[in-house]
1. What residue, of His72, His87, is surrounded by fewer than 24 Cβ atoms within 10 Å (Cβ to Cβ) and within 16 Å of the ligand (Cβ to nearest atom)?
2. If you check Ala318, Ala304, Ala385, Ala348, which single one turns out to be closer than 18 Å to Leu43 by Cα and in a helix (DSSP H, G or I)?
3. Test Ala79 against the criterion of being out of contact with any Cys (no Cβ under 9 Å at 6 or more places or on another chain), under 29 Å from Lys290 (Cβ atoms), modelled with pLDDT of 95 or more and within 14 Å of the ligand (Cβ to nearest atom), and give yes or no.
4. Taking the stated definitions as given, is Ala10 hydrophobic (A, V, I, L, M, F, W, C) and within 13 Å of the ligand (Cβ to nearest atom)?
5. Please work out if Ala338 is part of a helix (DSSP H, G or I), in contact with a helix residue (DSSP H, G or I) (Cβ under 6 Å, 6 or more places away or on another chain), modelled with pLDDT of 95 or more and among the hydrophobic types (A, V, I, L, M, F, W, C).
6. If I ask for residues that are more than 10 Å from the chain's Cα centre (by Cα) and more than 10 Å from the ligand (Cβ to nearest atom), which ones from the stretch 358-380 would you list?
7. Could you check, for the stretch 45-65, whether at least one of its residues is away from the ligand (no atom under 16 Å from the Cβ), on the phi < 0 side of the Ramachandran plot and crowded, with 22+ Cβ neighbours inside 10 Å?
8. Please enumerate the residues belonging to the stretch 349-399 that are buried (at least 24 other Cβ atoms within 10 Å of the Cβ), touching a residue at least 40 places away in the same chain (Cβ under 8 Å) and among the aliphatic types (A, V, I, L, M).
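The values are calculated or read from the model by the stated rules, or taken from the named source; none is laboratory data. All figures in this text were calculated on a predicted structure; none of them were measured in a lab. Here the Cβ positions follow ideal geometry from the backbone for every residue, glycine too, while neighbour counts run over all protein chains shown.
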Amino acid sequence: MSDRIPDPVAAERISRALASLRGLAVGDALGSQFFIPDNLPFLRRRELPPGRWQWTDDTEMAASLVAVLARHGSADQDALAASFATHHDFDRGYGPAVNRMLRLIRQEGGDWRELASSLFDGQGSWGNGGAMRVAPLGAWFADDPDRAADEAARSAEVTHRHPEAVAGTRAVAAAAALVAADAHDRSATAAPAASSALRPVHGDEPPASASRPVQGEGLSTSVPRPVQGEGPGPTAEGQAQGAGRTPAEGRASDEPTAHQDPPATRGQRATGAGSTAPLMAETLLLEVLKHVPRSAVHAGLRRAIDLLDYSDVGTVAAVLGCGRRTSTQDTVPFTLWAAARHLGDFRAAVWTTAGAGGDVDTTCAIVGGVVAAGGPAAPPEEWDARTEGFPPWLVENLE
Ligand SMILES: [Mg+2]
């Protein structure tokens, strides 16, 4: 990071947030490839689609969040609204309500508070746009999941004020914070074994106990795990709602794939701070629930815990949703189920998520951002190389 950042903690926060943002961008860019019908056979075979992959609104807005955090140290709402509007690229796949809102802010000096509050007859949007961009914020506040959730709520309110949108955004940020804290914890206390101690991806799990907040972080590297499979796509459901866009017809998910996931991860993790025991799927989701108010998102996360032993992503998506409605409650429980089951394994996490179909760029963005918040679980090199780089204005903001 730049030598203009004198505080090493700030540099660590930026480094952690950028690791999550890269995972988010790669997930977003790869997921968006599966809106192209010619690419669906690649998804079924779990092969990378050709060409360079462009990210979408998920990454553009997440980059604003990181830029604002770097400048203000918090989710300053006015600064966020200004950055969202300034960097709004109409061709990046924004939902219609947010497209209109950002255009009004940028071109007509609109007040984001009034615009966000007036959406959907004054209820505010429950689209998944707050959750889709927030994982890097969670990574930023890995030392304090409570604050991560509260800052996440403020970041959501700029565009998505409905309580479900706020609840789901809190959940994703808390998950990313806990994953990043866990990565740091084990890399700091067992550096030589950090890679092998990586997540419980699948199969037998050691016992564990509640995860805990940690100070600082560490972004180490490791070898990605082998690709894991998943089951058939879910049944179609629902119409798009909220501020999100309508998912394309005939998504990748409509045909089954040949893959199956191994058994899900369960168990409690051992000990408190300093443990090298891996964070377990169930423990992560139980911890996340502590940061989410009673809501449909909360209910969905409880259901997601009950489904952690399911290996068929189609079944899980049929129960939890997978973003086909582009609502937060239709998106967040499924994405955190997928992330929790594949901690430490970016490939398996994203392939499984994409295999469900639905709002694929956003579901893969959330999962990629959460999983990559644990530094060692970075996107594979080839995936990273195929994905468009960060926007130049973000890089300039961080220099
Ligand atoms: Mg998008």
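1. After ruling out the rest, the residue left standing is His87.
2. Residue meeting the stated conditions: Ala348.
3. In short, no.
4. no
5. Criteria met by Ala338.
6. Matches in the stretch 358-380: Gly358, Gly374, Gly375, Pro376, Ala377, Ala378, Pro379, Pro380.
7. No, the conditions are met nowhere in the stretch 45-65.
8. Within the stretch 349-399, Val350, Ala354, Ala356, Val360, Ala365, Ile366, Val367, Val370, Val371, Ala372, Ala373, Ala377 meet the criteria.
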